[in-house]
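Notes follow the structure.
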Amino acid sequence: MIKHRTAHLILAGLLLVAGLLFYIQFRPSHILFEILPWLQALHSPAWQGLMPLSFNHALPSFLHICFMSLMSAAIIGLDKKSAILIPLAWLGIDLLLECLQIGSGRFIQAGVFDAMDVYALLLGCALLLWGFHLKVSAKIGAPNGLLAALLAFGLTTSLGSLVLSCDSSQYQCVTPVVLSLEEFRGEIQPVYGNNASLTRPGKIYAHQQNLYVVDQYRGIHIFDRSDAQNPIRIAYIPIYGALEISIQGSLLYTNSFSDLLVIELSHVLDGSFSLDSYRRTEGVFSLPTSYEFLPENTYISSERRQFSLDLPFRQRPSYDGEGIVIGFINTQGEEILFGEFQ
């Protein structure tokens, strides 16, 4: 009997260590690291791409139901009845907490309902029912104090995301500004004159009598530098995601996030620019990480969902499949695009 309880305790301990290592690698913004900041030293970005994103999100739910059921078995002991009731009880508790997150975190403000979590809980419960059935032992009662402490611990770990809500003064809620794939691949039309603003100057390229200045992530400004002391902007080419520039003959090469653009400069300069004046090759470059334009310690909120900004989310190439996150709207209503205030 004792050895069975010890085995359950050891298995629970291994799951606890596995869960801790998971959070160190994939959830470094968790409240755990504010309590034990030295754990950050064990974090390595190399782990981020090893597992699918859906697996990373669902694993904590699987580990939790397994850990709490094994801890319960270690304290309560197992018989035919408890071998069924323990996994089902924790399944019920975890499913209830998961369902409370439906509706953009209305009940659990930092939580997000995820069907993958439900599948993970069901899988964990099924495995435990099967394992406990194979290894049923006589039930030995446990002190009520231990059972109460166990229940409190399980509820606390289930609600761990609560402490990272938008109401916390250490975190801020923002609404993402999403640029759809159709928008950033829309028609390009130069703007002539000297009215365009240069927001984030990037690379500068001198070619013949003109000067080409990249406005990072926004486009390319063309200046006439006949008077070197007083360059005059003659045109602006709005290009979402532009960072690079190279000119060969009359062709300008630049990027539009993941796409390669080749633009006929002579058509820009003589005002005859049309759809035939440029060519776009999609998917040549890697997309930027979705949330590189958002500040740290941020919660992203929308009418549909709210979730914490942690490293796995940062790796997503799009926001809910809608496009690329290019900025955010803060609680003061300010729209901040492409990190312009950073």
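Some values worked out for this structure:
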item: Ranked by how many other beta carbons lie within 10 Å on average, peptides 190-202, 213-225 from highest; result: 213-225, 190-202
item: Ranked packing of 251-258, 203-210, most packed first, by mean Cβ within 10 Å; result: 251-258, 203-210
item: Placed amide H near His207: partners under 5 Å, 5+ positions off or other chain; result: Tyr212
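Coordinate-derived values only; no laboratory data. Note that the coordinates shown come from a computational prediction; the quantities given were computed from them, not determined experimentally. Here the Cβ is made from the backbone with ideal geometry for all residues, glycine too, and neighbour counts use every protein chain on show.
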